[in-house]
Amino acid sequence: MPGMVDTHIHASQYSYAGTALDLPLLQWLNTYTFPVESHFKDLEFAHRVYTRVVKRTLMNGTTTACYFATIHTDASLLLGQIANDFGQRALVGKVCMDRNNAVKHYKETRQESEEETCRFIAELLNKKYPLVKPVVTPRSARFCSEALLGQLGTIAKNNNLHIQSHISETTGELKLVKELFPESESYTDVCNKYNLLTDKTVMAHGCHLSDEELIQFRETGASLSHCPNSNISLCSGMLNVRKVLRHKVKLGLGTDVAGGYSASMLDAVRKTLDTSKVLTIQDPDHRTLTFEEVFRLATLGGSQALSMDDQTGNFEVGKDFDALRVNVAAPGGPIDLIQCEGPEILLEKFLNLGDDRNIVEVYVAGRKVVPFTEPTDTVE
């Protein structure tokens, strides 16, 4: 099957994935996230975490990942190197944030953010990694000044780069953004004003976007990353995927580690289906997503959201071979096959029941990257 595309994952949060899910978003960031991310100035710590998350996502079938790192340039460059070394296709972003952070030792000024973003882009591009590219990464409008947002939009445009950020994740966040940008009509309007909505933009969450905002997304070509585990785990909201697709907005799936507790895209598939069913319970007229539709979002939909569908996402002739070889009946695996089943049933069983034990080989751009050629943790 085609490799899976994680359109939104915080590599720097992997060390505490599966814990710290007892607070809403804004408290969660100050209590857990920012203190942990501040440790990535230590490159040895960064190397240990980033090696583990790249290996884990590859083992779980993520052939392409769109990563948030931290504000630390050298550690972010290290993440790019590690993704390249293991052969993963990746977009890597040095996080930018110059205001409203309550953690004193995890801050940067506007000038530092701009200068270090330019250094990060230049040095990563200079590495000439075939599958790893930089992505301009304002954390969100809440954490960036108007001047920084404007500069980042210009940097992305001048270098023809991808952009990633967060949008409309919680109602509390919407209120804060409205207070910070009172002249703007909506959260989407803020991003559009600073040239952050392009056909190479992916925005995470979007749980509370209006129809008018979704129209702006379609008109600019910007995409959304649906992160259902995180949306539920942090009680942020539930994205109506059917509504997004009806507006013809590009959409992929994201794990959003560590707001989402699993680094597996199979979990993102299952939580997407669960969220759609909850929406149907709430509104019987809502048409529940099928597993085929969600499978598409996890593969081709993700590559479209990252504007990489000319390279990957399915097995069309001319695209790179990003693929998983799945053994549904892997010995000791989680799936019991009672009778002979056709391919569609086998796929459905894998999406609902499978895990990394069923993923016996992973290929990226035609190269077999799993099983790993190096012994465990030699890349340290």
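The values are calculated or read from the model by the stated rules, or taken from the named source; none is laboratory data. Not measured: the values here are computed from a predicted model. Note that we place each Cβ from the backbone using ideal geometry, even for glycine, and neighbour counts take in every protein chain shown. Surface accessibility is based on the protein's heavy atoms, side chains included, excluding ligands, DNA and RNA. Shrake-Rupley method; radii C 1.70, N 1.55, O 1.52, S 1.80 Å.
Sparsely packed loop sites in segment 151-252 (the trypsin sites (Lys or Arg not before Pro) outside DSSP H, G, I, E and B with at most 12 other Cβ atoms within 10 Å) comprise K248.
Which net charge results for the neighbourhood of Q311, defined as the other residues with beta-carbon distances under 11 angstrom from its beta-carbon, given Lys and Arg at +1 and Asp and Glu at -1? Summing Lys and Arg as +1 and Asp and Glu as -1 gives -3. Taken as Cα centroids, segment 78-104 and segment 334-368 sit 31 Å apart, rounded to the nearest whole angstrom.
Backbone phi angles across segment 146-160, fed through the Karplus curve with coefficients 6.51, -1.76 and 1.60 (θ = phi - 60°), yield HN-Hα couplings of 4, 5, 5, 4, x, 5, 5, x, 5, 4, 5, 5, 5, 10, 6 Hz in residue order; Gly and Pro are listed as x.
A simple count of charges around L29, restricted to other residues whose Cβ falls under 11 Å of its Cβ and scoring Lys, Arg +1 and Asp, Glu -1, yields -1. Sorting E173, E179, E341 by accessible area puts them as E179, E341, E173; the probe is 1.4 Å, largest comes first, and only protein heavy atoms count.
Expressed in units of 2.2 N^0.38 Å, where N is the residue count, the Cα radius of gyration of the chain is 0.93.
Taking only the C-alpha atoms of segment 122-209, Rg followed by Dmax gives 13.8, 43 Å. Its Cα gyration tensor gives segment 207-339 an equivalent ellipsoid, and the semi-axes of that ellipsoid, as √(5λ) in whole Å with the largest first, are 26, 21, 14.
The solvent-accessible area of Y187, taken with every protein chain present and a 1.4 Å probe, is close to 10 Å².
The accessible area of V132, taken with all protein chains in place and a 1.4 Å probe, comes to roughly 0 Å².
Here is the P(r) of segment 59-123: all C-alpha pair distances, binned every 5 Å from 0, give 4, 18, 24, 21, 14, 10, 7, 2 in whole percents. The residues neighbouring N84, those whose beta-carbon lies less than 11 Å from its own, together hold a net charge of +3 under the Lys/Arg +1, Asp/Glu -1 convention. If you wrap segment 1-108 in the convex hull of its Cα atoms and look at it from every side, the mean projected area works out to 6.9 nm². Computed per residue of the chain from DSSP H runs no shorter than four, each worth -39500 (n - 2.57), the mean residue ellipticity at 222 nm is -11500 deg cm²/dmol.
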